[in-house]
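Bear in mind that the values in this text are calculations on the coordinates, not laboratory data. All values reported here derive from a predicted model rather than from experimental measurement.
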């Protein structure tokens, strides 16, 4: 799940790293924290989850998830892993990039995450 609809060219002819750095340091202005929080909370509505944040948290409360995301973004560091226990899939969120990675999603999850991404003005794409 990404803020860009496709991967940038490998030749580096654009200004991806400058734009990424700017957005990472001015995320509040563009509502990125809120978008990421809503994506993760929406996903929690469909599947049971365990979150790794200093230890495993089974079925975290929405307030806990919002606090984790706030902490990561305000400290400009950290990673959070969310295991979808019934699907054997993993969501990874970290401050240092402007995407949410989801590993091992089945077709049902791909369709759902594509819709969730679109609802937040983000793009769902499989890695190349």
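What 222 nm value per residue comes from the helices of the chain, counting each DSSP H run with n ≥ 4 as -39,500 (n - 2.57) and dividing by all residues, nearest 500 deg cm²/dmol?
Per the formula, -12500 deg cm²/dmol.
Give me log10 I(q)/I(0) at q = 0.11, 0.13 Å⁻¹ for the chain, Debye formula, one equal scatterer per alpha-carbon, no solvent.
-0.37, -0.52
Normalised by the residues of the chain, what does the relative contact order come to in percent, with Cα pairs under 8 Å and at least six apart?
Working: 159 pairs, mean separation 40.5, N = 128.
Across the chain, relative contact order equals 32 percent.
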